[in-house]
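This report concerns only the one structure given below.
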Amino acid sequence: MRVALAQLEIESGAVEENRQRAEAAIAEAADCGADLVALPEIFNVGYFAFDAYQRTAEPVEGPTLTRIADAAREHDVGVLAGSIVEDLAETERVETPADEGLANTSVLFDRDGERLAVYRKHHLFGYESAEAQMLVPGESLGVAEFEGVSVGMTTCYDLRFPELYRDIAEAGADLVLVPSAWPYPRVEHWKLLPRARAVENQFFVATVNGAGDFDDASLLGRSTAYDPWGTTLASTGDDPDLVVADVDVSSVEAVREEFPAWRNRRI
């Protein structure tokens, strides 16, 4: 399966411009032969645009995710729209963790634009961030089947919590996609954590970060795909880019057979 990581330039609060960039990236990825495209965290508003969260929040059935579903259908490609600020009170046809409030929500679409899964970020960032005060954490595990591949979903800060990834591995995931808004200066953490999650669970991990500057932060880009050995398959720098990696999920079981750490677990 060919996976494309759309490292978008994200402009603070510029919803329409950011949507258009996402649509263009989906089209470009399809032209590159991608089967599945992943978008960054809060790609339509910008993670650090906290003052815009309330006024730009949408339900799962809202305009941003509707347009992404349409783009998936038009270009015949799966898309992880990861993520938007969801208005939980306005979402109607999807179970929510609360009756009201906001959530950091990703949706996985198939090639027909049909929803395969909804994932809400479990671990809300509190370090010099308003996210933990503004949003409701998710409760459901993000794992879904896409064309024979078991795809796991987490978001940014979730990378620091290995127990979540072990739960995803236990649920059968072959590949975990990680939409993020990871800023400078934590470059070494960004390189270490997803690689560690890949090695300890012996599955593929692909991180898709944004690019761009906000009032208080700059996104560091460096979207990267890792194989079950923790080897880098494809990566990029800090500018907007499209990272393409071919993922052979049969190697997950092969790696676990060759190096049986998975079977040697005692906890």
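One table, with the values for the structure above:
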| quantity | calculated |
| --- | --- |
| Whole-percent carbon and sulfur share, accessible surface of the range 183-229, 1.4 Å | 49 |
| Surface/4 of the Cα convex hull for the chain, nm² | 12.7 |
| FRET E, pair E92, E23, Förster distance 22 Å, beta-carbon r, rounded to 0.05 | 0.35 |
| Summed side-chain charge close to A29 - residues other than A29 whose Cβ falls under 10 Å, Lys, Arg +1, Asp, Glu -1 | -2 |
| Inter-part distance where the range 59-131 and the range 211-256 are each reduced to a Cα centre, Å | 21 |
| Residue among A144, A181, A69 with the largest mean-square fluctuation in a Gaussian network model of the chain, springs linking Cα atoms under 10 Å | A144 |
| Relative contact order, percent, the range 1-90 [alpha-carbon distance under 8 Å, six or more residues apart] | 35 |
| Space enclosed by the convex hull of the alpha-carbon atoms of the range 161-221, per residue, Å³ | 75 |
| Potential lengthening between E145 and Q133 on full extension [0.36 nm per residue; Cα-Cα distance subtracted] | 1.0 nm |
| By accessible area with a 1.4 Å probe, ligands and nucleic acids excluded, highest first: order of L88, L193 | L193, L88 |
| The chain, accessible area per residue, ligands and nucleic acids excluded (1.4 Å, Å²) | 42 |
| Cα-based shape type of the range 1-121, given that a ≥ b ≥ c are square roots of the gyration tensor eigenvalues and the cut on a/c is 1.5 | oblate |
| At R0 = 45 Å, FRET efficiency that the Cβ-Cβ distance of D248 and Y184 yields, to 0.05 | 0.85 |
| Portion, in percent, of the accessible area of the range 1-113 that falls on carbon or sulfur, probe 1.4 Å | 39 |
| For the chain, share of DSSP beta bridges that run antiparallel, in % to the nearest 5 | 65 |
| FRET efficiency for R265 and C32, using Cβ-Cβ distance with R0 set to 35 Å, rounded to 0.05 | 0.40 |
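The values are calculated or read from the model by the stated rules, or taken from the named source; none is laboratory data. Just so you know, these numbers come straight off a predicted model, no measurement behind them. Here Cβ is always computed from backbone atoms with ideal geometry, including for glycine, and neighbour counts include all displayed protein chains. Areas reflect the complete protein model, heavy atoms only, side chains present, ligands, DNA and RNA absent. Shrake-Rupley method; radii C 1.70, N 1.55, O 1.52, S 1.80 Å.
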